[in-house]
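One structure below.
The values are calculated or read from the model by the stated rules, or taken from the named source; none is laboratory data. Small disclaimer: the values here were computed from a predicted structure and weren't measured. Because the Cβ atoms are built from the backbone with ideal geometry, glycine has one as well, and the counts that use them run over all protein chains shown. To get the accessible areas, we keep the full protein, side chains included, count just its heavy atoms, and leave off ligands, DNA and RNA. Shrake-Rupley method; radii C 1.70, N 1.55, O 1.52, S 1.80 Å.
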Amino acid sequence: MKFRCSSIGKLMTEPKSKSEGPLSVGAKTYIRELAAQEIFGVDFVVSSKAMEKGIECESDSILLLNSVRKLSLRKNTERRSNDFITGECDLFDSVLKRGHDIKTSWSIATFPITSKDCEDKLYEWQMRGYMALWDASEWEV
């Protein structure tokens, strides 16, 4: 079994107390979900309006990033794997060995205003997974 880069953060959450043991309740819950999917031979599809909007607006977001940063990146369609993880990043600059992940806000209310708003451990672990798969020195959301 390989873990998706987007799910690494669920496994890496810190236990809130010593009584949880080495794995957090959240990590244990996620592992149970994976076991259920394996046992029943189904994938639990996760979807939301915010996720659907992100997919629908991804190409516009890539155009905006390219325009603002004076880049010419194209959507990546390659999935990579190693012994433990698998992932398909959004954008990768093979010359600079730098990746970019596109997140599209649901509304102005969810748009990050400060750098603190952008601190998300789940995304950090996802980017670390992509860095390992693409042998990248930098990644940004």
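Filtering region 77-97 to residues that are under 22 Å from Gly9 (Cα atoms) and either hydroxyl-bearing (Ser, Thr, Tyr) or open to solvent by less than 60 Å² (accessible area, probe 1.4 Å) (or both) leaves Ser81, Asn82, Ile85, Thr86, Gly87, Cys89, Asp90, Leu91, Phe92.
Of all residues assigned to region 54-66, none qualifies as being assigned to a loop (DSSP other than H, G, I, E, B) and either among the small types (Gly, Ala, Ser) or farther than 21 Å from Ala132 by Cα (or both). Annotation: of all residues in region 4-32 being within 16 Å of Trp125 (Cβ to Cβ) and of a type in the set (A, V, I, L, M), the one that is surrounded by the most Cβ atoms within 10 Å (Cβ to Cβ) is Ile8. Could you please let me know if Ser59 is at pLDDT below 95 and open to solvent by 40 Å² or more (accessible area, probe 1.4 Å)? For Ser59, the condition - at pLDDT below 95 and open to solvent by 40 Å² or more (accessible area, probe 1.4 Å) - is not met. When restricted to residues that are open to solvent by 60 Å² or more (accessible area, probe 1.4 Å), among the aromatic types (Phe, Trp, Tyr) and in contact (Cβ under 8 Å) with a residue 12 or more places away in the chain, region 111-141 contains 2. Of the residues making up region 29-53, those that are more than 15 Å from Arg4 (Cα to Cα) and not in a loop (DSSP other than H, G, I, E, B) are Thr29, Arg32, Ala36, Ile39, Phe40, Lys49, Ala50, Met51, Glu52, Lys53.
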